[in-house]
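Okay, so here's the structure we're looking at.
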Amino acid sequence: MIITIYILSFIGLIYSCSIGFSIIGFLKQKKKKILDDTDFEKKQISVVIAARNEANNIIECLNSLLIQNYNKNDFEIIVIDDNSTDNTSSLVKQFIKLADIDVKLYSLDNKTSKKEALKLGVQKSKYSVIATTDADCVVPEKWLHHISNQFNNEIDMLIGPVIFKNNKGFLSAFQTLDMLAIQGLEFGTLYFKAPILNNAANLSYSKQKFTSLNGYDDYKTPSGDDVFLLKKFKSLDSVGGILSKEFIVETKAINTVKSFVNQRIRWSSKAKYYTDKILIFFSSIILIQNIGMVFIYLQLLFVEKYSYIFIILLLSKWLIDFILLFLVACFFERRKALFYFIPVQIIYPIYIVVISIMSMFVKFEWKGRKYNE
């Protein structure tokens, strides 16, 4: 048992140092000044949106682009309908008729997947900067303005913050806290020029560099278009990011447990294809630490000996997690989600272990499509 305690302590130390590293990076990234000079040359931008069965969301997304604080002649919107079975396409066509901005709609033929949709959007684009968001997102009014300014600073990829919209209930809070942790890791590692995560809901990149890097990966995964593309752009050493409230993209949380589980299995299923050493390290230490937490739960339930040590190990993890989540929640103005911190912390280790196992064996569904991996 003593050896087990030493192992758990060592794992906890590595985990705490890793999260501490991210906390420092997040705070420093938040303090970085962003380029906001109206005298910069205005970049022409192609906004690419892949949409599948987004009839409930696509118009709100397009409206947020319609009111951009940006010259309407300097950007275009390209919507790719990925074989929707609802009226997404017809709604976009109606929007095009009424809008006074350049909006185009294309449909995927003989192919399916978000990656193929985005790839088609890039092929159809006419400008040198590609900006992507998701069809269920709302972008801030200065979104394109900030993207343009940053691409005057010799970067090839720009990472932006993403958060779930405010909503009530435990499931929403669980997703919000999870996303806050992801954002903390994303921008914490970015500051040290070792980014491991990004999000296609708020992502921009050079079309020319995208083409020279052979675009998206060839993995047959329904997700990962963003993180695998990041791996390619990291080789150019020109990935930047903006951690500003004026640049936050809001998206919708999943509202049913079944859809949530399917989404998380889909996200987790791509982990087997990771090749980035830093991403593998963070993914591994987080998984191992949470497996350790499950073991601690069992010890506290069934073994009285050394229980005080296991409680200390448990609280140590909770403390470093709370510091990260509190700081990120303050930035994103999601402090109310912290009321669910303790129940989420209790459930999270079991959740992450179960999802990791399910991603290896369980078929999942996404927007009406079934996948084997």
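What the table shows:
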{"quantity": "Selection status of GLU41, open to solvent by less than 60 Å² (accessible area, probe 1.4 Å) and in a loop (DSSP other than H, G, I, E, B)", "calculated": "no"}
{"quantity": "Only listed residue being at pLDDT below 95 and either open to solvent by 10 Å² or more (accessible area, probe 1.4 Å) or in a helix (DSSP H, G or I) (or both), chosen from LEU35, LEU27, LEU13", "calculated": "LEU35"}
{"quantity": "Failed condition for ILE96, given (1) under 23 Å from GLY368 (Cβ atoms); (2) open to solvent by 40 Å² or more (accessible area, probe 1.4 Å)", "calculated": "(1)"}
{"quantity": "Candidate set from the range 133-177 (those that are touching a residue at least 24 places away in the same chain (Cβ under 8 Å) and charged (D, E, K, R)); member that is most open to solvent (accessible area, probe 1.4 Å)", "calculated": "GLU154"}
{"quantity": "Verdict on SER22 being part of a strand (DSSP E or B), open to solvent by less than 10 Å² (accessible area, probe 1.4 Å) and at pLDDT 95 or above", "calculated": "no"}
{"quantity": "Test for LYS209: is it of a type outside the set (Asp, Glu) and without any contact (Cβ under 8 Å) to a residue 12 or more places away in the chain", "calculated": "no"}
{"quantity": "Pair list, Cβ under 8 Å, 6 or more apart: the range 82-102 residue on the phi > 0 side of the Ramachandran plot, other residue open to solvent by 40 Å² or more (accessible area, probe 1.4 Å) and part of a helix (DSSP H, G or I)", "calculated": "none"}
{"quantity": "Residue pairs meeting the criteria (Cβ under 6 Å; at least 6 apart or on separate chains; first modelled with pLDDT under 95, in the range 38-53; second surrounded by 23 or more Cβ atoms within 10 Å (Cβ to Cβ) and of a type in the set (Phe, Trp, Tyr))", "calculated": "LYS43/PHE151"}
{"quantity": "For ILE196: the one exception among (1) within 18 Å of PHE260 (Cα to Cα); (2) open to solvent by less than 10 Å² (accessible area, probe 1.4 Å); (3) under 13 Å from the mean Cα position of the chain (by Cα)", "calculated": "(1)"}
{"quantity": "Of all residues in the range 99-113 being closer than 22 Å to LYS220 by Cβ and out of contact with any Pro (no Cβ under 7 Å at 6 or more places or on another chain), the one that is surrounded by the most Cβ atoms within 10 Å (Cβ to Cβ)", "calculated": "LEU108"}
{"quantity": "Top-ranked residue of the range 178-193 - restricted to ones that are charged (D, E, K, R) and open to solvent by 10 Å² or more (accessible area, probe 1.4 Å), ranked as modelled with the lowest pLDDT", "calculated": "LYS193"}
{"quantity": "Residue count for the range 217-238, restricted to those that are over 17 Å from the mean Cα position of the chain (by Cα) and open to solvent by 60 Å² or more (accessible area, probe 1.4 Å)", "calculated": "6"}
{"quantity": "Residue among LYS126, LYS97, LYS104, LYS111 that alone is of a type in the set (D, E, K, R) and assigned to a helix (DSSP H, G or I)", "calculated": "LYS97"}
{"quantity": "Scope the range 333-365; condition part of a helix (DSSP H, G or I) and either open to solvent by less than 40 Å² (accessible area, probe 1.4 Å) or polar (S, T, N, Q) (or both); matching residues", "calculated": "ALA337, LEU338, PHE341, VAL344, GLN345, PRO349, TYR351, ILE352, VAL353, ILE355, SER356, SER359"}
{"quantity": "Residue within the range 10-31 that is farther than 29 Å from ASP156 by Cα and in contact with a Gly (Cβ under 6 Å, 6 or more places away or on another chain) present", "calculated": "yes"}
{"quantity": "Conditions (1) surrounded by 17 or more Cβ atoms within 10 Å (Cβ to Cβ); (2) under 21 Å from the mean Cα position of the chain (by Cα); (3) in a helix (DSSP H, G or I); number of the one not met by ILE80", "calculated": "(3)"}
{"quantity": "Selection from the range 271-284 of residues that are closer than 15 Å to CYS17 by Cβ and surrounded by fewer than 18 Cβ atoms within 10 Å (Cβ to Cβ)", "calculated": "ILE278, PHE281, SER284"}
{"quantity": "Yes/no for VAL129 being farther than 17 Å from SER204 by Cα and surrounded by 21 or more Cβ atoms within 10 Å (Cβ to Cβ)", "calculated": "no"}
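The values are calculated or read from the model by the stated rules, or taken from the named source; none is laboratory data. All values reported here derive from a predicted model rather than from experimental measurement. When we count neighbours, we look across all protein chains shown, and the Cβ atoms used for this are built from the backbone with ideal geometry, even at glycine. To get the accessible areas, we keep the full protein, side chains included, count just its heavy atoms, and leave off ligands, DNA and RNA. Shrake-Rupley method; radii C 1.70, N 1.55, O 1.52, S 1.80 Å.
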